Amino acid sequence: MNKFIKSLKSQGKLNLSINKSSTFHWEHFKIAGPCSVEGPDIIKIAQEIKNCGATALRAGAYKPCTFPVTKYKNGGWKEGLKKEGLELLKEAKKSSGLAIVTEVMDVRMIDEISEVADIFQIGTRNFQNYTLLDEVGKHNTPVLLKRGTWATLDEILGACERILVGGNKNIAICLRGVVGMPSYRHIYPSIRWAPDLMMIPALKENTNIPIIYDPSHSTGYRNFVPAISKAAIAIGADGLIIEAHPNPDKSISDPDQAIDFKTLKKIFND
Ligand code: PEP
Ligand code: MN
């Protein structure tokens, strides 16, 4: 039991500036949206996500892609719409009233992203980027820290400690799958990670930090998203972050795991 991290309480209550009359909690927090901001459609998507029961819209304006060049040749999109994507997220936020969750990949992006994001997403690739964790720790924007695909329980607690000691108490851990499931690849080529469900009770026993489960990256395959969402909530996850798209197969990034809005609505309302 890590007494020190236990003494560093994360706030269950979320201080979000988007809607002064509402109080948000990580518990029952429902985040959804496409992997990336793909264009002006994000404004309509935000409304649809809201109609499905979401409290926040997720979409990356800056996307760290495993293959930065070879996979995406449709001119101009390379690793996200960047500034244009952030502007679109601003509009989506204004029209829908949803909180915005979007990735900050680097300390140099913090100021720019904080103008739009209600919650900073730290991606799995930056889970142990200590400079970045220290900086968001000094910020007052809540943080969703995605687990590194390699990370042990100790390393998760240590990364959280780093943000909490900076003074930012508004954090949640996002479990998003870990390495170790090549056995599925023959039949399910899009499966890259193994769902990390047991980490939910393990974290609950060691810290009060809220847990948001990501059934999209942890499965890599849309048909498994409803079952893994249900399992995560059943064993104690506080909330979910799910990739959804109006035309899932046409998603620019992560098409195989994106679900449609009908499925999303069912997951959020079951
Ligand atoms: C994402 O949420 O789209 C993403 C890139 O996730 P991760 O950092 O977990 O790979
Ligand atoms: Mn994604």
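Every number here is computed from the coordinates shown, using simple stated rules; none is lab data. Worth saying up front: this structure is predicted, and the values here are computed from it rather than measured. Positions of Cβ are generated from backbone atoms using ideal geometry, with glycine treated the same way; all protein chains shown enter the neighbour counts.
Taking 0.36 nm per residue of separation and subtracting the current Cα-Cα distance, fully stretching the chain between LYS250 and TRP150 would add 33.0 nm. Residues whose amide H lies under 5 Å from that of PHE24, counting only those 5 or more places away or on a different chain, are LEU14, LEU16; hydrogens are built 1.01 Å from N in the peptide plane.
Run the numbers for ARG125 and MET198: contour at 0.36 nm per residue of separation, minus the present Cα-Cα distance, in nm.
Details: separation 73, 0.36 × 73 = 26.28 nm, distance 2.13 nm.
Length difference between fully extended and current span is 24.2 nm.
A straight chain from ALA231 to ASN208 at 0.36 nm per residue would run longer than the Cα-Cα distance by 6.3 nm.
Under the convention that each Lys and Arg Cβ holds +1 and each Asp and Glu Cβ holds -1, the size of the dipole of the chain around its Cα centre is about 260 debye. Legend: residue pairs LYS78/LYS169; LYS44/LYS262; LYS82/LYS204; LYS50/LYS146; LYS30/LYS94; LYS169/LYS204, Cα-Cα distance threshold 25 Å; pairs beyond threshold, LYS78/LYS169; LYS82/LYS204. Of all aspartates and glutamates in the structure, those lying under 16 Å Cα to Cα from LYS63, and not within fewer than 8 positions of it along the same chain, are GLU38, GLU79, GLU84, GLU87, GLU103, ASP106, GLU112, GLU243, ASP254.
Taking GluC sites (Glu not before Pro) across the range 86-151, the ones in a DSSP loop with at most 12 further Cβ atoms lying within 10 angstrom of their Cβ are GLU115. Each residue, ASP134 and LYS44, gets one label point 7 Å from its Cα in the Cβ direction; the gap between the two is 4.6 nm.
With no solvent and one equal point scatterer placed on each C-alpha of the range 185-263, evaluate the Debye formula and give log10 I(q)/I(0) for q = 0.11, 0.13, 0.14, 0.22 Å⁻¹, two decimals. One equal scatterer on each Cα of the range 185-263 leads to -0.30, -0.41, -0.47, -0.97. Using the Cβ-Cβ distance between THR66 and HIS186 with R0 set to 22 Å, the FRET efficiency from 1/(1 + (r/R0)^6) comes to roughly 0.60. The 3J(HN,Hα) values that the Karplus relation (6.51, -1.76, 1.60; θ = phi - 60°) gives for the range 210-219 are, in residue order, x, 10, 10, 9, 10, x, 7, 5, 6, 9 Hz. Gly and Pro appear as x. Counting only Cβ charges, +1 for Lys and Arg and -1 for Asp and Glu, the dipole size of the range 108-225 around its Cα centre is about 420 debye.
The modelled label-to-label distance for the pair VAL179/LYS78, using points 7 Å beyond Cα in the direction of Cβ, is 2.8 nm. With the helix formula -39500 (n - 2.57) applied to DSSP H stretches of n ≥ 4, the chain reaches a computed 222 nm mean residue ellipticity of -9000 deg cm²/dmol. Taking 37 °C and 0.692 mPa s as conditions, the range 197-241 diffuses translationally at an estimated 310 µm²/s according to Stokes-Einstein applied to its Kirkwood radius (Cα pairs). When +1 charges are put on Lys and Arg Cβ atoms and -1 charges on Asp and Glu Cβ atoms, the dipole computed for the range 130-190 relative to its Cα centre reaches about 240 debye. Using +1 at the Cβ of each Lys and Arg and -1 at the Cβ of each Asp and Glu in the chain, identify which of ASN126, ILE45, GLY60 lies farthest towards the dipole's positive end. Positive-end residue among those listed: ILE45. Ordering 54-65, 202-213 by mean Cβ neighbour count within 10 Å, with the highest value first, yields 54-65, 202-213.
Show me 184-190, 218-224 ranked by packing, highest mean number of other Cβ atoms within 10 Å first.
Most protected by this proxy first, the peptides run 218-224, 184-190.
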